[in-house]
Amino acid sequence: MRYHPLSEADRKAMLATIGVESVEALYADAPASTLLRTPLDLPRHKSELEVDRIFSRLSQRNMAAGRVPFFVGAGAYKHHVPASVDHLIQRSEFLTSYTPYQPEISQGTLQYLFEFQTQVALLTGMEVANASMYDGSTATAEAVLMAHRLTRRRKALLSGGLHPHYAEVVRTISRLAEDEVADMAPDALGDEDIISRIDESVSCVAVQTPDFFGNLRDLTKIAEACHRNGALLIAVFTEAVSLGLLTPPGAMGADIVVGEGQSIGNALNFGGPYVGLFATRHEFLRQTPGRLAGESRDADGRRAYVLTLSTREQHIRRDKATSNICTNSGLCALAFTIHLTLLGEAGLTRLARLNHANAVALAQMLEKAPKVEVLNKSFFNEFTLRVTGDAAALVEKMAAKGVLAGVPVSRLLPGAGMDDLLIVASTEVNTDEDRAAFVAALEGSL
Amino acid sequence: MSGLKYSKDHEYLRIEGEVAVVGITDYAQAQLGDIVFVDLPTIGKKVTKGGELAVIESVKAASEVYAPVAGEVVEVNAELGEKPALVNEAPLSGGWLVKLRLENPAEIETLMDEAAYDGFLKTL
Amino acid sequence: MLDRPAKIEGPDEAPATFTGNRALDQEEPLLFEIGRLDATGVDVDAAPQVEKRLGGLERKEAIGLPGLTEPETMRHYVRLSRKNYSIDAGLYPLGSCTMKHNPRINEKVARFEGFADAHPLAPQSTVPGALELMETLAHWLMTLTGMHAVALSPKAGAHGELCGMMAIKSAIAAKGEGASRNVVLIPQSAHGTNPATAALLGFSVRVVPAAEDGTVCAQAVREALGPEVAAIMLTNPNTCGLFEREIVEIAQAVHDAGAYFYCDGANFNAIAGVARPADFGVDAMHINLHKTFSTPHGGGGPGAGPVVLSERLAPFAPVPFLRRDGERLEIVEHAEGTESFGRMTAFHGQMGMFVRALAYMLAHGGDGVAQASKDAVLSANYVRASLRDVMTQPFGDRACMHEVLFDDAWLKGRGVSTLDFAKAMIDEGYHPMTMYFPLVVHGAMLIEPTESESKASLDLFIATLRNLAQAAKEGDAKRFTQAPRYAPRKRVDETLAARKPVLRWSAA
């Protein structure tokens, strides 16, 4: 077959060199009971044309975001990614290389990771960033574990505005690692009193801004309360583009900043792969999870980059490592870095303004529409709508009219008494026609 | 004779009154290679004999330093934060790790003197 | 044949260039040294005038993010790319990493809009093709492993390990043994992720010694077992490249002791389509889609680490999971009302990797997957047989699986270390093999050629290693200790990097 260069003649010659009769003889160590006697019940190999056809048919059965007026967010956002980004990440040298353990022949990867770390640190307003985590949710869980190590406490306090999936990921690992989690109730209005819950038993407080419901939160006072009590503030975001317009968490006193980087450079991909961003203070470096690319010199004295502080990691520290993470999100981090390089400060700022303006324009239209209410006092490119009746049913009805309207809160928080809430996102991809289609489909469905 | 006491884990002890200065031997630093970081305990920490006292990191390894005797940490070598290489360059002087207030001075007698340690090294 | 120069001379006499470039090997500054705050490669439409609703939280200070126009961006990253080795450019013999060919049809179909442009929280009714794709992938993974269920959502191998061990911890807790079973057995030769994962969940690690032949013997496991043991984490084929001969007895002993068998599936490429982990007695095993099923390594990810589970662990699988009820296929997203241990990640897992892996599976078919495993094993043994007279094997000359392990006994007294030998391979145009792993073998060199190499490619690789081995034995130590000479960089000072970490650019 097309992927296997060895011919039957090659195989025979190789067996002769090895000195065995058949490949089966090479499996002699395997107990006979473990070797298959008959082939598995799986289809035979297919031509590339057939494979293409099968996936094309499957793909066409999904409603792609770009085909319809699209307002779905809640942790993953549709943005325009320049064509050059996807071209560059498909270069063989980026796509088909391994983790850069051999710095002499991996300077390409190492230098872009160094650039990525710098960009993430600048965006979040923090001193250092790592070379990526799997996604925003696992980055949040890693931040909680890191805070436990730093404070030697084992209780995390989670804001009610934290993305429910992120909160669930933290709860799952905490329960199984026998750590404690204190939850605030889901907080659609962004006005919870989390400060009164912070005391000296708390290791860290995780607060998201813009939060799950779209509200913007000033973290300054929460940070002060954390620090008074010897706790750390973990600031979370799911929409990285917002950092182009908003005060960075670092400037509000955050100790660890984690978030989802999908918005910049990466497609929706039905949920993954994405790229977790992780930034913190220099003093916490030794407890940071994940890979770090650092600057050094080669034997000729030329500047070179290399993975560093590896003694934190599992391949050296084993059961005392700061995390078990090995593979991270290298190529997604590259896409993030290239897209952000293309944007630059000027482009990112304009993009963030356009996102905000489109969301405000939609909110203004909806404020004039009957039977719905915009809940947010502040937001970036996403807000929560209270609708008459069941939001999930409404979304289905609007989808049948060819509009993907948003995420019903009940999809993530069933039984929270929020069945009438709909989270609506609007990015630069939305046009006046999209907004008009949204309002028309809404009015026809309520 | 130097008056130092040695453990089989290649730590040395220099007794200064009720306090013992603890570090690693020249043999140990050579085995570890270039030291890049020393994780020192907090002052006031009480350690038992054989308990973890510090962690010394080279580029590719992290090695625990075990307390050769029981005691309380009264001082750590803060200079190692900036200059971990001191452990390589001057393990017996500027590269010391911690000062312990001895809990049981009699424990010192369980350690080797220089001659015994030199003999021990020859067996490795 | 290679076009070798008639006379081989080093570049020592060559003048340094004014640019620092060496023809196609071009120096490239950092983005921050060439970018400008006002430059951009994206023309963004002007925002309509609206009243802002930012609640007074608008950014007050500049970010300091330089930008580049599109042509400058292309050049910057293309130049960087050329400083990397890649599978597409050469044999990548990293043991334990399975650096096989990454078919480009996989990349194409993963970008089809129904997958790449589908939102994870779009109504399930609008994405039936995505759900069917996940179900088909699950079917293949369960069939290839013989296992009862599969959790698709783990993001990479280590995340898969965490998933499997969380399922085991949950199953133990469900039996009321949560407080008493808190030890995990792990052989010394294991990947570092295994003990790190066990420790993360509060287990203490008990190391199982390896037998003299590089495998784990059932008797050693029996002796390490007890009522406090929760599980064993074992890699099979193991990290020494050997099939664990007593795997069935080990599994039996583990089960008899009331513990679970977690199998690290990193080396599945030796046995996919040839042997099924279910038949070893495995309870949970992650599958690195980026190893066995050819999704690109991407310079360190993204990967994907679905976990297959035995019948007794299946109920504890994380959400989300797929449920079929006749014609109706749905993703169950909430653990309430089930025994699921909860959620490990936002959304549904690495869909982009699922598409690629399934494309590999369909292209290969059951027949091609088995052929790939056999060719991988054949190629590793061919390398072994062709080097056995010049390099030494720690466990004697015996058949290996898809990777062959050498030690450094043959280098003793030559003034050349495993590291030096590996760096000399770079000068010859090869990525080094995995070095100093597994830890149980002195100066380990673990070579995994994969099934993607032609015989001619293997022969050239073998001839190169033989030449290097000869040079080492003849005392040409300088060739090694000063290598690499011809790479974009010479050896990098890792001590400097670690003593004074510089992890980001800063304005001088």
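The values are calculated or read from the model by the stated rules, or taken from the named source; none is laboratory data. All values derive from a computational prediction rather than experimental measurement. Because the Cβ atoms are built from the backbone with ideal geometry, glycine has one as well, and the counts that use them run over all protein chains shown. Heavy atoms of the whole protein, side chains included, go into the accessibility calculation; ligands, DNA and RNA do not. Shrake-Rupley method; radii C 1.70, N 1.55, O 1.52, S 1.80 Å.
Working from Cα pairs under 8 Å separated by at least six residues, relative contact order for the stretch C:106-200 is 19 percent. For the stretch A:191-291, the list of GluC sites (Glu not before Pro) that fall in a loop by DSSP and count at most 16 other C-beta atoms within 10 angstrom reads A:GLU200.
Solvent-accessible surface (1.4 Å probe) assigned to A:GLU180 amounts to roughly 100 Å². Taken as Cα centroids, the stretch A:128-187 and the stretch A:266-334 sit 19 Å apart, rounded to the nearest whole angstrom.
Of the residues A:MET398, A:LEU15, A:LEU162, the one whose Cα sits farthest towards the positive end of the charge dipole of chain A is A:LEU15 (charges of +1 on Lys and Arg Cβ, -1 on Asp and Glu Cβ, taken about the Cα centre). Mean partner shielding of peptide C:448-458, defined as the number of other chain Cβ atoms within 10 Å of each residue Cβ, is 3. Note on chain C: dipole from Cβ charges, positive end direction compared against C:ALA477, C:PHE115, C:VAL183; the farthest Cα belongs to C:ALA477. Rounded to 0.05, the FRET efficiency of the B:THR48 and A:LEU446 pair, given R0 = 45 Å and the Cβ-Cβ distance, is 0.05.
Debye-formula intensities of chain B, expressed as log10 I(q)/I(0) at q = 0.16 Å⁻¹, are -0.70 (one equal scatterer per alpha-carbon, no solvent). Taking GluC sites (Glu not before Pro) across the stretch A:1-44, the ones in a DSSP loop with at most 15 further Cβ atoms lying within 10 angstrom of their Cβ are A:GLU21. Taking the DSSP beta bridges with both ends in chain C, the antiparallel portion is around 55 percent.
Surface composition of the protein assembly as shown: carbon plus sulfur atoms contribute 51% of the solvent-accessible area (1.4 Å probe, protein chains only, all chains present). Ordering B:ASN104, A:ALA425, B:PHE37 by Cα displacement along the dipole of the protein assembly as shown toward the positive end leaves A:ALA425 in first place; charges were set at the Cβ atoms of Lys, Arg (+1) and Asp, Glu (-1).
The per residue volume of the convex hull around the alpha-carbon atoms of the stretch A:290-434 is 200 Å³. All Cα-Cα distances of the stretch C:374-486, cut into 10 Å bins from zero to the largest, leave 15, 50, 31, 4 percent in each bin in turn. Would chain C count as rounded, prolate or oblate if I go by the C-alpha gyration tensor, calling it rounded below 1.5 in a/c and otherwise prolate when a/b exceeds b/c, oblate otherwise? Oblate shape, in that a/c is at least 1.5 and b/c is the bigger or equal ratio.
Counting only DSSP beta bridges whose two residues both lie in the stretch A:83-339, roughly 45 percent are antiparallel. In percent, rounded to a whole number, the relative contact order of chain A is 20, using alpha-carbon pairs under 8 Å and six or more apart.
Peptide packing for A:413-421, A:302-310, A:335-343 was compared via the average number of neighbouring C-beta atoms within 10 Å per residue; ordered from the highest value, the list is A:335-343, A:302-310, A:413-421. Going by alpha carbons, how many degrees (0 to 90, nearest 10) lie between the helix axis of A:8-18 and the longest principal axis of chain A? Computed tilt is about 70 degrees. Protection proxy ranking of C:112-119, A:321-328, by the mean of other Cβ atoms within 10 Å over each peptide's residues and highest first, is A:321-328, C:112-119.
Per-residue ellipticity at 222 nm, computed for the protein assembly as shown from helices alone with -39500 (n - 2.57) per DSSP H run of at least four residues, works out to -10000 deg cm²/dmol. In the protein assembly as shown, the DSSP beta bridges split such that about 70 percent are antiparallel, to the nearest 5.
Spacing of the modelled spin labels on B:VAL19 and C:PHE18, each 7 Å from Cα toward Cβ, amounts to 6.2 nm.
Around the Cα centre of chain A, unit charges on the Cβ atoms of Lys, Arg, Asp and Glu (plus for the first two, minus for the last two) sum to a dipole of about 360 debye.
Here the dipole of the stretch B:5-112 is about 120 debye; that uses its Cα centre as origin and unit charges on the Cβ of Lys and Arg (positive) and Asp and Glu (negative). Using only alpha carbons, the stretch A:83-339 has a radius of gyration to Kirkwood radius ratio (Rg to Rh) of 0.97. Evaluating kT/(6 pi eta Rh) at 10 °C and 1.306 mPa s, with the Kirkwood radius of the stretch C:14-169 over Cα pairs in the Stokes-Einstein relation, gives 72 µm² s⁻¹.
Spin-label model, C:HIS139/C:GLN252: points 7 Å from Cα along the beta carbon direction are separated by 3.5 nm. Note: relative contact order over chain C, using C-alpha pairs below 8 Å and six or more positions apart, is 17 percent. The charge dipole of the stretch C:205-326, taken about its Cα centre with unit charges on the Cβ of Lys, Arg, Asp and Glu (plus for the first two, minus for the last two), comes to roughly 480 debye.
Among A:PRO248, A:PRO43, A:PRO164, the largest mean-square fluctuation in a Gaussian network model of chain A (Cα springs under 10 Å) belongs to A:PRO43. With both labels modelled 7 Å from their Cα along Cα-to-Cβ, the A:ASP193 to B:LYS8 distance reads 6.2 nm. Relative to the longest principal axis of the Cα atoms of chain A, the long axis of helix A:48-60 makes an angle of roughly 10 degrees.
Residues C:THR143, C:THR418, C:THR17, B:THR48 ordered from highest to lowest accessible area at a 1.4 Å probe: B:THR48, C:THR17, C:THR143, C:THR418. For A:ALA182, the amide hydrogen comes within under 5 Å of the amide hydrogens of A:ALA156, A:LEU157, A:LEU158, counting only partners 5 or more places away or on other chains and with H modelled in the peptide plane. Peptide A:124-137 has a mean of 4 when you count, residue by residue, the C-beta atoms of other protein chains within 10 Å of its C-beta. Per-residue 3J(HN,Hα) values for the stretch C:159-168, derived from phi via the Karplus relation 6.51 cos²θ - 1.76 cosθ + 1.60 with θ = phi - 60°, read 5, x, 4, 4, 4, x, 6, 5, 5, 5 Hz in sequence order (x marks Gly and Pro).
Within 10 Å of the Cβ of each residue in C:194-203, the mean number of Cβ atoms contributed by other protein chains is 6.
Fraction of C-alpha pairs exceeding 40 angstrom in the protein assembly as shown: 44 percent, rounded to a whole number.
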